[in-house]
Amino acid sequence: MTSLTLHKIPGEQAPMALLLEADPSIALIARYLQDGHCVVACLNDVVVGVYVIKALSADTWELMNIAVAPEHQGQGIGALLLHHAIDQARQLGAKRLELGTGSFGHQLTFYQRAGFRVVAVEPDYFLQHYPEPLFENGLQHRDRLRLALEL
């Protein structure tokens, strides 16, 4: 994977199909791309991953989206992107990086391995904010967990 490179890009150039892998709402994605920092991972000049972070306050940032193309998952690209996002938030003055995710699934373990801890539960978040039910492994996502990492 020596040819993997990371690049900050303008929000309007963000790979929407990839962002939709992690968040099925075009409207929500468009909203956070407006004032977010978007970084893509390219493998041999092909975009294979992306993340978006944005400021919630002067010292708290949020990881809004992180996604790796399905055919490139399991190769460490997601972990590389997550650690880059953490470093980027720190460089931008963040003391804390937060994110929202489902209450089960591989994403939760992924974030916890990087040191994120559950700080809140938002009951029925996915029912209230997405018109279509979201399923993973036959289970419907209902509640959203808020996770945070002190930087």
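State all residues of segment 54-78 that are loosely packed, with under 15 Cβ neighbours inside 10 Å and in contact with an Asp or Glu (Cβ under 8 Å, 6 or more places away or on another chain); if no residue qualifies, say none. Before you say what the answer is, go through the steps one by one.
Let us first name the residues in segment 54-78 that are loosely packed, with under 15 Cβ neighbours inside 10 Å, namely 56-59, 70-71, 74, 76.
LEU56, PRO70 - these are the residues of segment 54-78 that are loosely packed, with under 15 Cβ neighbours inside 10 Å and in contact with an Asp or Glu (Cβ under 8 Å, 6 or more places away or on another chain).
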(request) Filter segment 113-135 down to the residues that are in a loop (DSSP other than H, G, I, E, B) and touching a residue at least 40 places away in the same chain (Cβ under 8 Å), then identify the one that is surrounded by the most Cβ atoms within 10 Å (Cβ to Cβ). (result) TYR130
(message) For the structure I just gave you, tell me whether LEU149 is surrounded by 14 or more Cβ atoms within 10 Å (Cβ to Cβ), in contact with a helix residue (DSSP H, G or I) (Cβ under 7 Å, 6 or more places away or on another chain) and farther than 19 Å from LYS8 by Cα.
(response) yes
(request) Might you let me know whether segment 136-146 holds any residue that is touching a Phe, Trp or Tyr at 6+ places or on another chain (Cβ under 8 Å), part of a strand (DSSP E or B) and within 18 Å of TRP61 (Cα to Cα)? (result) yes
(request) Select from segment 36-71 the residues that are over 16 Å from GLU98 (Cβ atoms) and of a type in the set (D, E, K, R) and list them in ascending order. (result) ASP45, GLU71
(message) If TYR51 meets every condition in (1) aromatic (Phe, Trp, Tyr); (2) surrounded by fewer than 17 Cβ atoms within 10 Å (Cβ to Cβ); (3) modelled with pLDDT of 95 or more apart from one, which number is that one?
(response) (2)
(message) So, THR5, is that one of a type in the set (Val, Ile, Thr), surrounded by fewer than 17 Cβ atoms within 10 Å (Cβ to Cβ) and either closer than 22 Å to ARG146 by Cβ or touching a residue at least 40 places away in the same chain (Cβ under 8 Å) (or both) or not?
(response) no
(message) I'm trying to understand the selection: among the residues of segment 54-92, which are farther than 18 Å from ARG117 by Cα, aliphatic (A, V, I, L, M) and touching a Phe, Trp or Tyr at 6+ places or on another chain (Cβ under 8 Å)?
(response) ALA55, ALA67, LEU81, LEU92
(message) So, restricting to strands (runs of 3 or more DSSP E) that lie completely within segment 1-69, which ones have at least 1 residues that are aliphatic (A, V, I, L, M) and under 24 Å from PRO131 (Cα atoms)?
(response) 46-55, 60-68
(request) Output the number of the condition that GLU136 fails; it satisfies all remaining conditions of (1) closer than 22 Å to HIS37 by Cβ; (2) among the acidic types (Asp, Glu); (3) modelled with pLDDT under 90. (result) (1)
(request) Only residues that are over 16 Å from THR5 (Cα atoms) and acidic (Asp, Glu): list them for segment 34-88, please. (result) ASP35, ASP59, GLU62, GLU71
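The values are calculated or read from the model by the stated rules, or taken from the named source; none is laboratory data. Treat the numbers as computed from the prediction; the structure is a model and nothing was measured. Glycine gets a Cβ as well: all are built from the backbone with ideal geometry, and neighbour counts include every protein chain shown.
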